[in-house]
Amino acid sequence: MRGRLHVVGFCLLFGVKALGLEERDPPSYPSTTTITIPYLGSCTTSTTLTPCTGPVTVVIETPIVTPVCTTSSTTTSTSTTSASPTAPPTDACLLIKPFCAPAGLNIDYYANAFAGYSSGKVPPSYYITEGLTPLDSSLTNETYFSQNVDPNGLPSVYPDPSLPTAPYFVGWTRATNGGVIVDANNFTVVYQGFYRAPVTGRYELCTTADNEDALFFGDGNAFSCLDGTPPTDAEPVVVSTGASFVNGINCTNVDLVQGFYYPVRNVMGNWQGPSAFNFTIDAPGVQFASRTNNFPGSVYPHDCGIFL
């Protein structure tokens, strides 16, 4: 025996008597299951599915009711329940290499002439324009090293006649970050990579340094999201200077969007004598005293970038 399909349309009704047909009682079914489905139509229809065995299924299709939105007569704007997508920030990189781990920022140690960068004689871009190669490199989550003092017991010389009271201590070194050891008399360390914002909001970036730190932040300022190159003519968003154990703190505010990757670059230099460095980020909702200089899980190496 074949299954039977019985369709009833409530939009168009045909009188069986008008057609001269004998009116018969509808067939009886052992049991019925009803399913109601909304659809983009203008009338209600039903379809009866009679299987060879088992219960009968009645599928009822009903028109979707479209809500009518009204606006107040006191306003000219129209409200909507759908949220507009947030535009990507212009100072961030949208993506980095898949599976690139947050292993820390690059830290690169460059030579800095006695009385060179941080003395006001050369710009922070000198290591780029002079084509210098790092003397040592590593990765670090931390952007801080403490204030030191002149060493005891080391021989000293005075290499610059114009600075007769500025000694160079032979054999003097110091630790910075990532295991990088530098000539403590005069050096430059460059921290660069990506900072991934953990939440959306306003952040405060602050630096202190002896002798100088130039902070560059965002696409086209720290470096390009397109090719990874740091511009030589960019103006730092913050510059901090210090000497003789007086290191002022300077800060700037930036609005960041959660999940995006922001280029960041610190060029810290010491031209002679003791040194110190601290770069901190104060996230939204965090007290200033609780700002951090340690970013595990939030900073990525420069080579994580997808560069042309």
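The values are calculated or read from the model by the stated rules, or taken from the named source; none is laboratory data. All of these numbers come straight from a predicted model, not from anything done at the bench. Positions of Cβ are generated from backbone atoms using ideal geometry, with glycine treated the same way; all protein chains shown enter the neighbour counts.
Couple of notes before you dig in:
- Flag if residue 202 is of a type in the set (Lys, Arg) and surrounded by fewer than 18 Cβ atoms within 10 Å (Cβ to Cβ): yes
- Checking residue 208 against (1) closer than 23 Å to residue 288 by Cβ; (2) surrounded by 15 or more Cβ atoms within 10 Å (Cβ to Cβ); (3) touching a Leu at 6+ places or on another chain (Cβ under 7 Å), the condition it does not meet: (3)
- For the stretch 212-254, a tally of residues being exposed (fewer than 14 other Cβ atoms within 10 Å of the Cβ), of a type in the set (Ser, Thr, Tyr) and in contact (Cβ under 8 Å) with a residue 60 or more places away in the chain returns 1.
- Elements of type strands (runs of 3 or more DSSP E) in the stretch 222-308, at least 1 residues being over 17 Å from residue 118 (Cα atoms) and assigned by TED's automatic domain parsing to the domain that holds residue 212: 250-256, 261-270, 276-282, 299-301
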